[in-house]
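Bear in mind that the values in this text are calculations on the coordinates, not laboratory data. These numbers come from a predicted model, not from an experiment. Ideal geometry is used to build each Cβ from the backbone, glycine not excepted, and the neighbour counts take in all protein chains shown.
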Amino acid sequence: MGKYGKAAIRAQELLTVNRKLEPVSAWNRAVNEVFPNSPLSREKSCPRGAFLGLCSDGLVSGVPSGEYTLSKDNRRYAREAVKLLRKAPSLADKPDEVWKEIMRGEAKSENSQMDVAISLWQAGAISKNDV
């Protein structure tokens, strides 16, 4: 698990403890904890969009669906990762394969979206809601 996966899990924990906290605020608090000395890492949009996209889709346990991000691509990548993990849970150990399947031949580099989705999956923080 990478640092953005840790941030995603921490953000979900914060949301579970404080139901009034918005997902954006939880993410910001979590990345501040995980990256205290790296403003650029805290501002990275791809993992943020993946986490907030999963929240938007109602896929993060304890978080009601809503519109928490404008990111379409990162939201879709994370949602597709959850779909794949539900079909084949063993893919959680193969993030590169998950990414390759999502991209369907498109040459694009993964940018911590899989770390977010897979870490939440492995932590049991993905809800049972349909994708």
(request) Would you mind ranking 59, 54, 85, 21 so that the residue whose beta carbon has the fewest other beta carbons within 10 Å leads the list? (result) 21, 85, 59, 54
(message) Compute a Gaussian network model of the chain, connecting alpha carbons closer than 10 Å, and tell me which residue from 117, 92, 78 fluctuates the most.
(response) 92
(request) Starting from the alpha-carbon convex hull of the chain, give the projected area averaged over all orientations, in nm². (result) 7.3 nm²
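For every other residue with a beta carbon closer than 15 angstrom to the beta carbon of residue 40, add +1 if it is Lys or Arg and -1 if Asp or Glu, then tell me the sum.
Summing Lys and Arg as +1 and Asp and Glu as -1 gives +3.
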(request) Return the long-range amide H neighbours of residue 126 (sequence gap of 5 or more, or a different chain), with a cut-off of under 5 Å between placed amide H atoms. (result) 61
(message) Neighbour counts of other C-beta atoms within 10 Å: give me 115, 93 arranged from fewest to most.
(response) 93, 115
(request) Starting from the Cα of residue 3, draw a straight line to each of the lysines and keep only those under 16 Å, dropping any in the same chain fewer than 8 residues away. (result) 44
(request) Take 57, 73 and order them by how many other Cβ atoms sit within 10 Å, fewest up front. (result) 73, 57
(request) Find the relative contact order for the chain and round it to a whole percent, using C-alpha pairs within less than 8 Å whose residues are 6+ positions apart. (result) 31 percent
